[in-house]
Amino acid sequence: MLFNKNKNKAPLVDERLSHIAFIMDGNGRWAKSRGLPRKLGHKQGAIAFEKIVRECSKLGIKTVTVYAFSTENWKRPKDEVDAIMDLLADYVERAKSEDGTRYVFLGDKSILREDLRTEMEELEATSKNREYTLNIAFNYGGRAELVNAFNELVREGKTEITEDDISSHLYTRDSQDPDLIVRTANECRISNFLLWQCAYSEFYFTDVLWPDFDEKELYKAIRSFYKRKRNFGDVK
Ligand code: IPE
Ligand code: IPE
Ligand code: MG
């Protein structure tokens, strides 16, 4: 019931796929293969990101999470990091006029440029009652997120903690765990993304570079998801 015969047509999505996450990798290689500076790869990657986010919303997916900048990405050359910060600032500015999306930034905002941080916080506050959730992992690391959660619990005076305590202190506290995690650019690793939340996620890897990841590639990932049998440890 979930498959349209034409492979280029949008698949039907139901509650089994309510949250999809993307590790948007391969911007640098996309640029390099064209003799362009890496930052142009990020610019093209940002265009792909906006297209995919719009398409996920059209398909009826409730929550999308994207990995945009990791706690380890600060190791990169300054001009590349600056270019990524500028792309985020442009995006946040444009997102202000979007009215259907709830924006949540996952990660530590405290060390970002003050003007950018303020804009990000305002966007989160003004959009918080909307239905379609876009989590943007920026200066995000799964280990840092867990350490932050544990420290919050310590400060609250907890001496024994449950799984629910941990989940409810993560940056993703307002989202369910991802049903599907897509990683582009032919890398099969997690790179410190959603370490706690991916416990029962399905994974989809493709060698397509992120700037080339379009609606058709998204449909392929979704169709692959619907062929999986999720057991969650049970026998069915
Ligand atoms: C992903 O693309 C974007 C970020 C990590 C910010 P990359 O920049 O990692 O692209 P490759 O892996 O070098 O091709
Ligand atoms: C993961 O990609 C981070 C983002 C997509 C933002 P990286 O390119 O940083 O991952 P590694 O270093 O290849 O593992
Ligand atoms: Mg990479």
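The values are calculated or read from the model by the stated rules, or taken from the named source; none is laboratory data. All values reported here derive from a predicted model rather than from experimental measurement. Note that we place each Cβ from the backbone using ideal geometry, even for glycine, and neighbour counts take in every protein chain shown. Surface accessibility is based on the protein's heavy atoms, side chains included, excluding ligands, DNA and RNA. Shrake-Rupley method; radii C 1.70, N 1.55, O 1.52, S 1.80 Å.
For the stretch 7-41, name all the residues that are out of contact with any Pro (no Cβ under 9 Å at 6 or more places or on another chain) and in a helix (DSSP H, G or I). Within the stretch 7-41, Gly28, Arg29, Lys32, Lys39, Leu40 meet the criteria. Please work out if Glu93 is under 20 Å from Tyr140 (Cβ atoms) and modelled with pLDDT of 95 or more. In short, no. Quick check on Glu72: is it modelled with pLDDT under 95 and open to solvent by 40 Å² or more (accessible area, probe 1.4 Å)? For Glu72, the condition - modelled with pLDDT under 95 and open to solvent by 40 Å² or more (accessible area, probe 1.4 Å) - is not met.
Candidates Lys32, Lys75: the one that is within 11 Å of ligand 2 (Cβ to nearest atom) and of a type in the set (D, E, K, R) is Lys75. Taking the stretch 186-214, which residues are touching a Ser or Thr at 6+ places or on another chain (Cβ under 8 Å), within 14 Å of ligand 3 (Cβ to nearest atom), within 26 Å of Asp108 (Cα to Cα) and part of a loop (DSSP other than H, G, I, E, B)? Ser191, Asn192, Phe193, listed by residue number. The set of residues from the stretch 200-236 being of a type in the set (D, E, K, R), touching a residue at least 60 places away in the same chain (Cβ under 8 Å) and touching a helix residue (DSSP H, G or I) at 6+ places or on another chain (Cβ under 9 Å) comprises Asp212, Asp214, Glu215. When the residues of the stretch 153-187 are filtered to those that are touching a His at 6+ places or on another chain (Cβ under 7 Å) and open to solvent by less than 50 Å² (accessible area, probe 1.4 Å), which remaining residue is farthest from ligand 1 (Cβ to nearest atom)? Checked the stretch 153-187; the qualifying residue farthest from ligand 1 (Cβ to nearest atom) is Leu153.
Residues are listed down the side, and each one gets a yes or a no for (1) touching a residue at least 40 places away in the same chain (Cβ under 8 Å); (2) over 25 Å from Gly107 (Cβ atoms); (3) polar (S, T, N, Q):
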site: Ala10; (1), (2), (3): yes, yes, no
site: Met24; (1), (2), (3): yes, no, no
site: Ala46; (1), (2), (3): yes, no, no
site: Ser57; (1), (2), (3): yes, no, yes
site: Val66; (1), (2), (3): yes, no, no
site: Pro77; (1), (2), (3): no, no, no
site: Tyr91; (1), (2), (3): yes, no, no
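For Ser57, the conditions (1) within 11 Å of ligand 1 (Cβ to nearest atom); (2) open to solvent by 20 Å² or more (accessible area, probe 1.4 Å); (3) assigned to a helix (DSSP H, G or I); (4) among the small types (Gly, Ala, Ser) are fulfilled apart from (1). Taken together, the residues in the stretch 188-208 that are over 24 Å from Asn148 (Cβ atoms) and either among the β-branched types (Val, Ile, Thr) or open to solvent by 60 Å² or more (accessible area, probe 1.4 Å) (or both) amount to 6.
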